[in-house]
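The values are calculated or read from the model by the stated rules, or taken from the named source; none is laboratory data. None of the values given here were measured: they were computed from a predicted structure. For neighbour counting, all protein chains shown are included, and Cβ atoms are generated from backbone atoms with ideal geometry for every residue, glycine included.
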């Protein structure tokens, strides 16, 4: 499986955005976009070619880093979202009070119940605010790295999913939860052995449903039992017992009214914005992804902490916004057979620019609602690395100025 590097933003946002905006060019000639925009060289107008790109995940490359999220491509070119969480770091003294352990001395049986872990933030749905995200076969591995040279019986007593308000969404109901697992252990000091517990739709049938509720975090309670035995080697109290969680989400899924939202700075009260008489945004997309996208942009003021304040106005007059992408057509196996094209144009008049400037517009909030192809039938779609979007986006600004206003 090919590793495509680390992602430091929400994994779902990354999957959507990187396919469109990864290879923006800055070496435009104006005649390159004449077919898309009106004449951009006339007096009183400024043409700004924002994006002209053909982007696919095959072309996407990001620097390796310490992020807990990354993208991989399997042998069938299917995209996988992956993540890793450091869930629990314990040492021998946490589970066995009679340390140090001396080689050959009998061990006193103990059972230790750990307090619930801190909430472990998944980061998958950081910018999502509503909707359904149903993955066909998500996988969660609970990986125990055991440096303790003793037979240890490890049990996860509960495994819970929480929303952004830390309200319980549900819990895993099946084995390996509430099932005692004897951990592999080393026979030589300084070595370790790994034991894995697997959560998927077979071992935990309600796992995909819990994930579809857009959980913000997970948490679990666990216990360790050490039965009577003899230590094979001496061990200090700081001998480690670590638990990590790895997620593997093949992008074989459906989305229903999945809404993403974020805010960027756009200060229309800045100097010289009063020279603008009209803005015209033109977006032309040829979409090879089986996803519909409706978008709306809101102008907002800023509060004393420079966060978005009350909404002043929107780009599109209808609350639903505009169709940014029409889903490419797929076959019954969820593979794209035909791309679709959309053209979107929006004009922001002088009156609106003036209103926004006078109202103190400093923030732009974008909202994107995603639905996959044939979602009403809950048809799964697959995202492959060779899918692409051809995008042309330009902005035309009309202005009125004289020498005294510059």
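The set of residues from region 361-390 being touching a strand residue (DSSP E or B) at 6+ places or on another chain (Cβ under 8 Å) and either free of Cβ contacts under 8 Å to residues at least 24 places away in the same chain or within 22 Å of residue 263 (Cα to Cα) (or both) comprises 361, 362, 363, 364, 365, 366, 367, 368, 369, 370, 371. Taking region 161-198 on its own, how many of its residues are in a loop (DSSP other than H, G, I, E, B), crowded, with 16+ Cβ neighbours inside 10 Å and modelled with pLDDT of 95 or more? Looking only at that region, the number is 4. Of the numbered conditions (1) surrounded by 17 or more Cβ atoms within 10 Å (Cβ to Cβ); (2) under 32 Å from the mean Cα position of the chain (by Cα), residue 158 satisfies every one except a single condition; which is it? For residue 158, the failing item is (1).
Only one entry in 99, 117 is surrounded by 15 or more Cβ atoms within 10 Å (Cβ to Cβ), under 20 Å from residue 224 (Cα atoms) and modelled with pLDDT under 90, namely 117. Scanning region 338-348 finds one or more residues that are touching a helix residue (DSSP H, G or I) at 6+ places or on another chain (Cβ under 9 Å) and closer than 30 Å to residue 302 by Cα.
When residue 334 is tested against (1) crowded, with 19+ Cβ neighbours inside 10 Å; (2) within 21 Å of residue 393 (Cα to Cα); (3) at pLDDT below 85; (4) within 26 Å of the chain's Cα centre (by Cα), only condition (2) is not met.
Assessment of region 374-388 against the conditions (over 25 Å from the mean Cα position of the chain (by Cα), in a strand (DSSP E or B) and farther than 12 Å from residue 299 by Cβ) yields no matching residue.
Given (1) surrounded by fewer than 19 Cβ atoms within 10 Å (Cβ to Cβ); (2) in contact with a helix residue (DSSP H, G or I) (Cβ under 9 Å, 6 or more places away or on another chain); (3) in a strand (DSSP E or B); (4) in the same structural domain as residue 150 (by TED's automatic domain parsing), where does residue 246 come up short, assuming only one miss? So the condition that residue 246 fails would be (2). For region 286-329, enumerate the residues that are over 23 Å from the mean Cα position of the chain (by Cα) and closer than 19 Å to residue 383 by Cβ. Answer for region 286-329, where residues must be over 23 Å from the mean Cα position of the chain (by Cα) and closer than 19 Å to residue 383 by Cβ: 286, 329. Scan region 308-343 for residues that are touching a strand residue (DSSP E or B) at 6+ places or on another chain (Cβ under 8 Å) and under 27 Å from residue 360 (Cα atoms) and the total you get is 13.
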